[in-house]
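Undergrad: The structure is given below, and queries will be raised subsequently.
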Amino acid sequence: MSDAQGVSAQSDTTPTGENSSTTPATTRAHSGWLIRLLATLGALVFAYAAWLPWAVVTTTVSGKVQLPVLIDPNAAFVAHLVKLGSFSPTPWVVSAFSMLGLLLVPLLWRPADSLLGAIASHVLGLWLVFATVFVVAFGLSPLVSGKPQPYPFPYDAILDITFVGHLALGFWLAVVALVPLWIAVIGLLVGEWRRHAFWHLPGNDVDAPRSFIQLPGASVLNLGLIVWALGFFSVGWASLNCTQTPLFFSSCQGAPASGALFAGISQAASGLSVSGATDPTLLLALDPTIARDALGILMLGGAVLIFLGVWLRAVTRVFCVWTTLWLLAAVGLVGVGTLGVGAIVAHPSRYGFPSGTWSAESGIVITLVGLILAFGGLLTLAFVALRRNAE
């Protein structure tokens, strides 16, 4: 990563003299910064919109009209209400696809002549094509046609079930997110093709040697990431009738971080009242199942990028900004998960957990310790990055 975003290295064919100064470096830098910002905002909004209701469906069972149900893409595929030909994506595939664009964005902020950045731009473009096809297919599906449709197998063979669906605000938010993404991808690809990013080996992928003070900072940061991963993925956050401390590797029946986040998001969305497909409240109706795979994929992918960035010596101010954002998001998820643990302890059956005596476990503490270590290491790296830019 580098601070000279959008400033491409001068090629062998670049004219010299007065012509080379016709486009100031500050203008080129501003343009590259804006394009990458558009890609970042578009990917973030799409990742969020993918877990909002895209349809409001009213079901009729044996002539009796049921209450409207909010359907997001994951729920639509699980219930076989939307199909992509013969391909039926699993919840894990939907989760990974929804977060892929956001995971590619940090790589776009590599130097303008970075081969890794060029590869990320092309992969983002390919992902965007599939995302656009997916949005269009959902918008044209019978699920949101506004006409009664028979419920698919296996339920239609047992009961007389029909449904009527209408597009909801989550779908339109996803459509809006595609606009800045397409602008950014086209701008990035045109710039890279003009620079022949795949024909000329870039030099900005090789960063400066690591300073003496940077080594302990890098070690502490990556140690914090390892401790965080242990607390987030391997240690329970809540347990049922368990006296063992700490709770490691499912030694007692309990709830991991994903279960706590599921309960926390469910509790936050439980008080929402939606009047129709255009109700603005739908923009707050986040599907709690985002916690089961999608958030884990996003946070683990971000941690891997940070880990590799540190040891590839790609520590710049931009790297520090992205790492700070990741750490803030991780702390926010700990807060949501803590609320979820409280909800599980109070009403476990409400969130799909068995009844019994539930209690908070050490996973929350271990996760926080890892984040504190990571923050400490990042402060050292940020000091070095700022001093290097000042010099």
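The values are calculated or read from the model by the stated rules, or taken from the named source; none is laboratory data. What you see is a predicted model; the values in this text were computed from it and never measured. Cβ placement follows ideal geometry from the backbone for every residue including glycine, while neighbour counts extend to all protein chains displayed. The area values use the complete protein model at the heavy-atom level, side chains included, leaving out ligands, DNA and RNA. Shrake-Rupley method; radii C 1.70, N 1.55, O 1.52, S 1.80 Å.
Undergrad: Report whether or not residue 122 is in contact with a Gly (Cβ under 6 Å, 6 or more places away or on another chain), at pLDDT below 95, surrounded by fewer than 21 Cβ atoms within 10 Å (Cβ to Cβ) and of a type outside the set (S, T, N, Q).
TA: no
Undergrad: Looking at (1) under 17 Å from residue 326 (Cα atoms); (2) surrounded by 21 or more Cβ atoms within 10 Å (Cβ to Cβ), which one does residue 50 not meet, given that it meets all the others?
TA: The one condition residue 50 does not meet is (1).
Undergrad: Residues of the stretch 294-333 being among the aromatic types (Phe, Trp, Tyr) and either open to solvent by 10 Å² or more (accessible area, probe 1.4 Å) or without any contact (Cβ under 8 Å) to a residue 24 or more places away in the chain (or both), which ones?
TA: 307, 311, 322, 326
Undergrad: Within the stretch 84-111, how many residues turn out to be hydroxyl-bearing (Ser, Thr, Tyr), surrounded by fewer than 17 Cβ atoms within 10 Å (Cβ to Cβ) and either closer than 16 Å to residue 322 by Cα or modelled with pLDDT of 85 or more (or both)?
TA: Adding up the residues that qualify gives 1.
Undergrad: While we're on this one: I need the full set of residues from the stretch 354-383 which are under 22 Å from residue 218 (Cα atoms) and either modelled with pLDDT under 90 or assigned to a loop (DSSP other than H, G, I, E, B) (or both), in order please.
TA: Within the stretch 354-383, 380, 381, 382, 383 qualify.
Undergrad: What pairs come up if the first residue lies in the stretch 59-70 and is without any contact (Cβ under 8 Å) to a residue 40 or more places away in the chain, the second is hydrophobic (A, V, I, L, M, F, W, C) and in a strand (DSSP E or B), and their beta carbons are under 8 Å apart, counting only those six or more places apart or on different chains?
TA: Close Cβ pairs satisfying both conditions: 69/56; 69/57.
Undergrad: For the stretch 59-80: of the residues being out of contact with any Pro (no Cβ under 7 Å at 6 or more places or on another chain) and within 20 Å of residue 282 (Cα to Cα), which is surrounded by the fewest Cβ atoms within 10 Å (Cβ to Cβ)?
TA: 67
Undergrad: Let me ask you something else. Checking the condition more than 22 Å from residue 48 (Cβ to Cβ) and modelled with pLDDT under 85, which residue from 234, 239, 273, 250 passes?
TA: 250
Undergrad: Among (1) at pLDDT 90 or above; (2) of a type in the set (A, V, I, L, M, F, W, C); (3) open to solvent by 70 Å² or more (accessible area, probe 1.4 Å); (4) over 30 Å from residue 381 (Cα atoms), there is one condition residue 168 misses while meeting the rest; what is its number?
TA: Answer for residue 168: the failing condition is (3).
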